[in-house]
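Remarks on the structure that follows.
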Amino acid sequence: MSVGTHEPTAESSGGTNGREVVPPLQTSGPAAKPKIRKRCSEARESYKRRRGMGISAHDLTKKIRKLDLFPEISKELAIEVEEALKDLQEYEENSKKYPDQSFPNPMDRTILPRLPTEDEYAEALKEVQDNFRTIDHGYVRIFDAKSVNIICIVMYTKLSDLNQCLRPQLDFLCEFLHGCKSFIIPPTSEDPPEGYFMSAMGWSQNMTRLKILDQYRDEKAIETNREVYDQLMAGSEKAGGTLWNMYNRLASRVAEKTMKHFKKPSGTLPADKDLPAVDANDDESTNQVAGNLAFPTNGFYADHYWDKETLPKPPTAFALVLPTSKSTGQIKSRSEGYQVDHGQLVFPDVKIALTFPPDTVCEIVFQPHEYAHGTMKAKAFGDSSRLGICIQAAPSSTYVVNKLLEVPPNEETSTSEK
């Protein structure tokens, strides 16, 4: 078993060379030895962090083998694609036949998969728990065996190992984001969809401040509590800076490239060419290229959206996961009753599952438009919650339609590896 990971298969045992072997004391069955190794690994990492020493990465190389965790959704998506193809053909025929008339362009249509049902999540979770390699501590880099591209980088840091500078920054970030909830239009349902409030948060045009996106602003609440709101927004630059500091901490050169992509007008996607010109130093308007802060939940078909041959490569994304209190938004520890089960971030085509243990900060760099990914449904207990934040490019409907129209129905939608 590798540092930071847990394989789903058992380890093989060696020969005894004719000597009697006394098995080590196991306090909790066959899993005791891996648990001891994990504790030793975590102790070494903690020792290095406390002394400012660098943590060496554990590298994994994985072959891409298409795996569909939600086959029924894939079938529905294939039907939508087939209908879109028919609509496109009809549109082209009508445009040629009646050049003086205008017809609805099917390319303006957005094709997106629905969210899985509870039963579909349960079935997918069983597949993940039984057959995926779990990563839950350490510093791990995962590479594509064919292209040698990085699929993702993940680093776990215990709350107790955060330095005296970083912990206050994260506390402030959590406090700021929780405070913004009071000025976001409330969701229509009592149980809002996962990531609703982070979907309402975005960036200023110059990428220095966090903002509540215009369509989510509760103007009445803002006007009623203007002083509180203004005081809260005074910390928006500090909160945004903390996110970029965390990104730079894990992958500084990648973070710099992502920032440049968001700030230059040429970094916009093809679908955004008609947007009005903006000042890269504008501190008031919203950066439409950067999108929102929602954690990735349903990117299982993301590799279909990006046409590598005709579209520019989107920037690398950064995600941050923190254990928090639902009522206060503050970082919460296991000793304070924190418990959130499941909710793994999975990469099905390489059978990798990133878990989020208590008392741990998780930082992730990944390629959101190139490798399929998504999260299992989490189960929170009591006042526990899990704050997931992501810096990534906004999705484009043109990306979606152009790429999906090129995928024949039912292609690469198998429930088993090929």
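Each value in this text was obtained by applying a stated rule to the coordinates, not by laboratory testing. Remember, it's a predicted structure, so these values are computed and weren't measured experimentally. Cβ sites come from the backbone with ideal geometry, for glycine too, and all protein chains shown count toward neighbours.
Here are a few things to note about the model shown:
- A Förster radius of 35 Å, combined with the Cβ-Cβ distance separating Ala122 from Glu336, puts the computed FRET efficiency at roughly 0.75.
- Multiplying the residue separation of Arg253 and Lys86 by 0.36 nm and subtracting their alpha-carbon distance yields 55.7 nm.
- The distance between label points at Asp171 and Asn131 comes to 4.6 nm (points 7 Å beyond Cα on the Cα→Cβ vector).
- Cut-off 15 Å between beta-carbons: net charge of the residues surrounding Asn225, Lys and Arg +1, Asp and Glu -1: -1
- Virtual spin-label span in nm between Ala380 and Lys96, 7 Å along Cα→Cβ: 5.5
- Once both labels are positioned 7 Å from their Cα atoms along Cα-to-Cβ, the gap between Glu219 and Thr61 label points is 5.8 nm.
- As a calculated quantity, the FRET efficiency between Val148 and Ile185 at R0 = 56 Å, using C-beta atoms, amounts to about 0.80.
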